[in-house]
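Working notes, beginning with the structure itself.
The values are calculated or read from the model by the stated rules, or taken from the named source; none is laboratory data. Since we're looking at a predicted model, the values are computed, not measured. All Cβ positions, even for glycine, are placed from backbone atoms using ideal geometry, and neighbour counts span all protein chains on display.
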Amino acid sequence: GGRLEGKVALVTAAGQGIGRAIAEGFAREGAVVVATTLNAADLDGLPVARRAALDVTSTAAVEALAAEIAHDYGGIDVLANCAGYVAHGSVLDCDEETWDVSFDLNVKSMHRTIKAFLPDMLARGGGSIVNISSGASSIKGAPARYAYGATKAAVIGLTKAVAVDFIREGVRCNAICPGTVQSPSLDDRIAALAARTNQDEATVRATFVARQPMGRVGTADEVAAAAIHLASDESAFTTGTTMIVDGGWTL
Ligand code: NAD
C-alpha cells in the first residue's frame, strides 16, 4: 500500500507548481485527495478523487468547502497549504496594498483553512498540516523579497503555534522551506525581471541558477517528497519543524 493509504488530504493551490506536485504525490501514495485552486480549470487532468475551486482569501468559501468535505468524508487527515504569491521589491517598493495582499494570500489563507478544517481533524483523532514557507523567511533575507520574506517568516511562527497547541491531540504541523524551484511562476518572475532589466531570459535564469550552491534549481517533485514524508505517519515524531529543501541555498 501507499504511504498515505486511508488518509483524506486537502491541497490548496494544486493547479500548478509545488501544489500540483503535492496533490499528485499524495494521490500516488494512496490518499483520497481533494485538490483545490483559484480557477478549477487549472485542475483538469489531475488524477485525484475530487477537484474544487477554492479562493483561499475567502473565509466564506473555505468554510463552505470544509462543510462539504465534512459531509462527504467526515473531515480530512492531511492539509497542505500551498497558496502563495511573490511580491517583488524592498520596503520602499511596498505599498499598503502589496503588504495586505501578501499577508492575506500567504498567511491569513492558512489561518482560514486551519481554523476551518482542524475541528474535524481533531474529531478524527489527529492529522498532519504541512505549510509551504520559504528559505526567504526568518531563515534568510533574500534581495527584493521584503513583503514575501515577512509573510513566510509569519508562516513559520503560525506553524509552531499550531504545533504546540495541539501536540497532545495528535495533530502535527510542519513547514517546508523551499529554495528556488522550477514552476510556472518562476518562469513568470524570470520573464518580468528580464523585461524590467533589459536582459534576455536565459541570462536572468542563469543568475537564479548561479545563486543555488548545487548549481541547479529544484523540482516541484523534490518538495512534494518532503510533503509526503511530513503528511505520512513515518514522520509521527516530527512537529513544529521547518524542513529546508533548498539545494543548500541557506547553507
Ligand atoms: P505558483 O506560484 O506557480 O502557483 C501558485 C498557485 O496559487 C497558482 O496555481 C494560483 O492560481 C494559485 N492561487 C493564487 N491565488 C490563489 C487564491 N486566492 N486561492 C487559491 N489559489 C490561489 O506555484 P509555486 O511557485 O510552486 O509556489 C507554491 C508555493 O511554494 C507558494 O506558497 C510559494 O510561495 C512557495 N515557494 C515557491 C518557491 C519557488 O521557487 N517556486 C520557492 C519557495 C517557496
Notebook entry, point to check: Applying the selection to region 116-173, what residues are aromatic (Phe, Trp, Tyr) and in a helix (DSSP H, G or I)?
Noted result: 117, 146, 148
Notebook entry, point to check: Would it be correct to say that residue 151 is at pLDDT 95 or above and β-branched (Val, Ile, Thr)?
Noted result: yes
Next item on the list: Please specify each residue of region 31-65 satisfying the condition of being small (Gly, Ala, Ser), surrounded by 16 or more Cβ atoms within 10 Å (Cβ to Cβ) and farther than 22 Å from residue 101 by Cα.
Entry: 31, 35, 52
Notebook entry, point to check: Only one residue in 97, 63, 24 is assigned by TED's automatic domain parsing to the domain that holds residue 163 and free of Cβ contacts under 8 Å to residues at least 12 places away in the same chain, so which one is that?
Noted result: 97
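Condition check ((1) under 20 Å from residue 17 (Cβ atoms); (2) at pLDDT 95 or above) across all residues:
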position	(1), (2)
134	yes, yes
139	no, yes
170	no, yes
176	yes, yes
179	yes, yes
207	no, no
219	yes, yes
222	yes, yes
Note to self: Yes or no: region 7-15 includes at least one residue that is within 25 Å of residue 182 (Cα to Cα) and more than 15 Å from the chain's Cα centre (by Cα).
What the structure shows: no
Margin query: Within region 50-73, does at least one residue satisfy the condition of being away from the ligand (no atom under 14 Å from the Cβ), among the small types (Gly, Ala, Ser) and touching a Gly at 6+ places or on another chain (Cβ under 7 Å)?
Written below: no
Next item on the list: Could you tell me which numbered condition residue 186 fails, if it satisfies all but one of (1) surrounded by 15 or more Cβ atoms within 10 Å (Cβ to Cβ); (2) at pLDDT 95 or above?
Entry: (2)
Note to self: I need the full set of residues from region 26-49 which are among the small types (Gly, Ala, Ser) and either assigned to a strand (DSSP E or B) or within 12 Å of the ligand (Cβ to nearest atom) (or both), in order please.
What the structure shows: 35, 40, 41
Next item on the list: For residue 147, work out the one condition from (1) in contact with a Cys (Cβ under 6 Å, 6 or more places away or on another chain); (2) farther than 24 Å from residue 85 by Cβ it doesn't fulfil.
Entry: (2)
Item checked: Test for residue 193: is it over 30 Å from residue 166 (Cα atoms), within 11 Å of the ligand (Cβ to nearest atom), of a type in the set (A, V, I, L, M, F, W, C) and not in a loop (DSSP other than H, G, I, E, B) -> no
Next item on the list: Just give me the residues in region 220-251 being outside any strand (DSSP E or B) and within 14 Å of the chain's Cα centre (by Cα), in sequence order.
Entry: 220, 221, 222, 223, 224, 225, 226, 227, 228, 230, 231
Notebook entry, point to check: Only one of (1) over 30 Å from residue 1 (Cβ atoms); (2) at pLDDT 95 or above; (3) more than 15 Å from the ligand (Cβ to nearest atom); (4) assigned to a loop (DSSP other than H, G, I, E, B) fails for residue 203. Which number is that?
Noted result: (4)
